[in-house]
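**Q** Structure incoming, see below.
The values are calculated or read from the model by the stated rules, or taken from the named source; none is laboratory data. These numbers were taken from a predicted model, which means no experiment stands behind them. Heads up, the Cβs are rebuilt from the backbone with ideal geometry, glycines too, and the neighbour counts pull from every protein chain shown. When the accessible area is computed, the model is the full protein with side chains, heavy atoms only, and any ligands, DNA or RNA have been set aside. Shrake-Rupley method; radii C 1.70, N 1.55, O 1.52, S 1.80 Å.
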Amino acid sequence: MPQIELAGKTYEVDEDGFLQELDKWNKEFAQAYAKNEGIEGQLTEEHWKIINYLRDYFQKFGIAPMIRKLVKDNGIDMKRLYELFPTGPAKGACKLAGLSKPTGCV
Amino acid sequence: MAKSDTPLLDQLGGGKWPSFIDDMKQAAKKKPMAKDLLGQLELSYKEKIGHWKHGGIVGVKGYGGGVIGRYSDCPEKFPNVQAFHTLRVNHPTGWFYKTEALRNLCDVWDKHGSGLTNLHGSTGDIILLGTTTDHLQECFDDLSAKGFDLGGSGSALRTPSACVGPGRCEWACIDSLDTCYNITMSYQDEIHRPMFPYKFKIKVAACPNDCVASIARSDLAIIGTWKGDIPIDQKEVAAYAAAGLDIQKEVCNLCPTRCMVYNGRELKIYDEDCTRCMHCINLMPKALRPGPEKGATLLIGGKAPIVEGALLSWVIVPFMKLEPPYTELKDLIMKIIDWWSETARSRERIGELIKRVGMRTFLRAVGLPALPQMVKSPRTNPYVFFWPEDIKQKEVK
């Protein structure tokens, strides 16, 4: 299992970099990991709004929300979402939020 | 003679027809990735099990799709295919290339990937097989510099595709190339940034021969058609007969609706019974042509057998004039996609959704009238049911 070191701590991740031990997630993890997902500097309030929404949804339902729901519930459009998370909601946002890798169709 | 490392794959290469194995072996001479790919495939044949893990999530900046993550589940045996991602590249409409474009593609792929390509995948895209995560962004940048863009993958609008249409074919009733290009450029966001319940495919066939198999392989099929009678040149009919074509046997008897009569001198078509199968026109191209008023039939719901069984699409608009800027078509597409996105379960194709909630619900949601052409099999499945309020109106009358 690959490991990644962020802010002085070591985390187990899968080959795409998704956190394997979900209970180890913390805010420092998200902040330190942001650069890998193309986000420069500090995570803003807008980033945290999305990250917290994803975590709440995942805790409630055990899966990541459909992207349309994420967009509607947060009053954000796709363009802004990709500006916030340049690698996209499924890859970037879910990874920073410490969710399991979303499954999807190729 | 040295024993082969891939005895099972060798059997595929030994047949009468060209095999992908020969191509892969050729690539393996210069690419370790291709060599390990052969090794892993041989192992899969031996153990009768696939050795790719399901689904990786990798990509390039600003795009949510276009790259399909692939990882080997036995990287210790085949380290060069530990990561073997696929790039889907949007093909030129109608698959027309200059050789220069093909050379550019191969150069970029030799630099960044395994060198193995698949032209074209079932979505129609150029498929570039096998690269590592650290090469993705650079490869995409190089492809962009050569004028290429990624195609759709995941729960998105998949790369629209079209037959060669008026580029080469005399039967084209619509400009399939322009329609497809226009749709592709209009829906860039929907292609590159997935936000649908599942995949959505659009294919454009310029005539009912449907050379892109849109009726079976797309959620929304746009098929060129015509209004009015099939023009008949009786002199040419006679010429076909004189040349040995058995018109009664090969044309009339094979017409699916038996709408043609041939008396040995002249051919008559009962056009009101014609379903535009193109059989007679294909057999006697000099004598028969599509009718004068051209447009398109729109069909919905085709899909391959995952989740629910395979579905052939069915008619929702029997005839639509199809001319730039395609406003009527695009308005309808957006209504369909909006309704589907709001109503569907996760990973439910539009055909499955319509099957679940009923055609009348779909028609009302997108504002289309119920028409006789929508009945799939007359007198057996009139699945357009009346709404209760419609029945009341009829009783009052």
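**Q** If the limit is 27 Å between Cα atoms, which of A:Lys49/A:Lys91; B:Lys199/B:Lys355; A:Lys35/B:Lys330; A:Lys9/A:Lys101 go over it?
**A** A:Lys35/B:Lys330
**Q** Using a 1.4 Å probe and counting only protein heavy atoms, how much accessible surface gets buried when B and A come together, both sides summed, in Å² to the nearest 100?
**A** For B against A, buried area totals roughly 2200 Å².
**Q** Over all residues in B:50-63, what is the mean tally of Cβ atoms on other chains that come within 10 Å of each residue's Cβ?
**A** Other-chain Cβ atoms within 10 Å of each residue's Cβ, averaged: 5.
**Q** Using a 10 Å cut-off on Cβ atoms, rank the peptides B:17-24, B:288-295 from the highest mean neighbour count down.
**A** Output ranking for B:17-24, B:288-295: B:288-295, B:17-24.
**Q** Pulled fully out, how much extra length does the chain show between B:Trp52 and B:Glu272, if you take 0.36 nm times their separation in residues and subtract their Cα-Cα distance?
**A** 73.9 nm
**Q** Can you tell me the FRET efficiency between B:Leu102 and A:Asp77 if r is taken as the Cβ-Cβ distance and R0 is 41 Å, rounded to the nearest 0.05?
**A** So the FRET efficiency works out to roughly 0.65.
**Q** Quickly work out the A:Asn52-to-B:Lys227 label distance, labels modelled 7 Å from Cα along the C-beta direction, and quote it in nm with one decimal.
**A** Placing both labels 7 Å beyond Cα along the Cβ direction yields 5.8 nm.
**Q** For B:Leu245 and A:Glu40, what is the calculated FRET efficiency with R₀ set at 60 Å and r taken between the beta-carbons, to the nearest 0.05?
**A** Between B:Leu245 and A:Glu40 the formula returns 0.25.
**Q** Sum -39500 (n - 2.57) across every DSSP H segment of at least 4 residues in the protein assembly as shown, then divide by the residue count to get the 222 nm mean residue ellipticity, nearest 500.
**A** -10000 deg cm²/dmol, from helical runs alone.
**Q** Also, quick follow-up: What spacing in nm lies between the two simple spin-label points modelled at B:Asp149 and B:Arg364, each 7 Å away from Cα in the Cβ direction?
**A** 3.8
**Q** Report the residues of the stretch B:162-198 in range of a label on B:Trp95: point 7 Å along Cα→C-beta, backbone N strictly under 12 Å from it.
**A** Hits in the stretch B:162-198 for B:Trp95 at 12 Å: B:162-165.
**Q** How about the stretch B:132-154: which of its residues lose at least 10 Å² of accessible area in the presence of all protein chains relative to their chain isolated, using a 1.4 Å probe?
**A** For the stretch B:132-154, once contacts with the other chains are taken into account, B:Gly154 lose 10 Å² or more.
**Q** Report the chymotrypsin sites (Phe, Trp or Tyr not before Pro) located in the stretch B:185-291 that are in a DSSP loop and have at most 16 other Cβ atoms inside 10 Å of their Cβ, or state none.
**A** Passing sites in the stretch B:185-291 are B:Tyr270.
**Q** Taking 45 Å as R0, compute the FRET efficiency from the Cβ-Cβ separation of A:Lys24 and B:Ser44 and round it to 0.05.
**A** The calculated FRET efficiency here is 0.80.
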